[in-house]
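I have placed the structure first, in the form of structure tokens, so that the comments after it can refer back to it.
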Ligand code: CAA
């Protein structure tokens, strides 16, 4: 029977490419989204991938949503914690609200997404936890104290989960995309974006599909001994 994958933030940006790549690999895929009903409906129509709306920052909503997905699609074997937001501001201008919004969605959101599926993975002795972190969690970024904190936090999460899940056949890994051609990066002021691209030895932004292919590999049986790792996919912009 085909395994089931859940991709948070899976109807747009990198998440949409991940959902499509996992479907192409033969998984049953469910994608979550936070607010854009129109984009989600269009995505489902075009891809046949079921979409579910909930706020990953809310534990009860996440748990209820996951129960619905498990009832309608199947027990979740692969979870891709991809949903994330930015609220960029230099630290002296960053508000507590901007701090909390990003922490709640990007970091607590990972807990809220993985915790409800963890017991089932332990029981079934198989699981794949894949967290989409960021180059900016590795190197920090001007105006992203909040975002960088969450993305660095992702790396601590997977290293800890890897140790807890290893004997139960569960792996937990992170991918750190560099700057990828998505709405999030296109929202950066053009001058700043051009300066960022000039710092990428590959001379270009990454494509969402280049991240999706990393996810497909980590989801597969071939990756069983890769656990607690970080794959950097950034066009040689930064080395850990
Ligand atoms: N390094 C050093 N200085 C920088 C800088 C940088 N990277 N970026 C901006 N500055 C400087 C500016 O030159 C300016 O200096 P002056 O005051 O001397 O002119 C100052 O910082 C900016 O001050 P502003 O008051 O103009 O800043 P602002 O409140 O308008 O904020 C900003 C502007 C939010 C920082 C904007 O420049 C921005 O969005 N920068 C991009 C941040 C970024 O890279 N975000 C990544 C988004 S993509 C993503 O997150 C996906 C992923 O995982 C990779």
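None of the figures in this text is laboratory data; all of them are computed from the coordinates on show. Keep in mind it's a predicted model, so treat the numbers as computed, not measured. Here the Cβ is made from the backbone with ideal geometry for all residues, glycine too, and neighbour counts use every protein chain on show.
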Quiz item: Under a no-solvent Debye model with one identical scatterer per Cα of the range 1-149, what's log10 I(q)/I(0) at q = 0.19, 0.21 Å⁻¹?
Solution: -1.11, -1.28
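Grab the Cα-Cα distance for residue 119 and residue 92, subtract it from 0.36 nm times how many residues apart they are, and report the gain in nm with one decimal.
Residue separation times 0.36 nm, minus the Cα-Cα distance, leaves 5.5 nm.
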Quiz item: Between 122, 167, 12, which gets the highest mean-square fluctuation from a Gaussian network model of the chain, Cα cutoff 10 Å?
Solution: 167
Practice problem: Rounded, prolate or oblate: pick one for the range 89-187, where a ≥ b ≥ c are the square roots of the eigenvalues of its C-alpha gyration tensor, a/c under 1.5 means rounded, and failing that, prolate if a/b is larger than b/c, else oblate. | Solution: prolate
Self-check item: Rounded Å value of the spacing that divides the Cα centres of the range 126-166 and the range 180-231
Solution: 14
Quiz item: In degrees, nearest 10, range 0 to 90: what is the angle between the Cα axis of helix 145-165 and the longest Cα principal axis of the chain?
Solution: 30
Practice problem: Please identify which residues in the range 97-140 have an amide N closer than 15 Å to a label point set 7 Å out from the Cα of residue 188, following the Cα→Cβ vector. | Solution: 134-140
Quiz prompt | Label-zone membership for the range 173-213, site residue 142, 7 angstrom Cα→C-beta point, backbone N under 18 Å | solution = 179, 185-201
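In what order do 222, 77 fall by count of nearby beta-carbon atoms within 10 Å, going from fewest to most?
Details: 222 9, 77 21.
Fewest to most other Cβ atoms nearby, the residues stand as 222, 77.
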Practice problem: Based on other C-beta atoms within 10 Å, arrange 176, 214 from fewest to most. | Solution: 214, 176
Practice problem: Please build a GNM for the chain, connecting alpha carbons under 10 Å apart, and tell me which residue among 150, 86, 182 fluctuates the most. | Solution: 182
Quiz prompt | Choice from 132, 200, 103 showing the highest fluctuation, given a GNM over the chain with Cα pairs closer than 10 Å | solution = 200
Quiz prompt | Distance-filtered residues of the range 171-215 - backbone nitrogen under 18 Å, label point 7 angstrom along residue 38 Cα→Cβ | solution = 183-184
Quiz item: When the Kirkwood radius is taken over all Cα pairs of the range 1-76, what Stokes-Einstein diffusion coefficient follows at 37 °C and 0.692 mPa s, in µm²/s?
Solution: 270
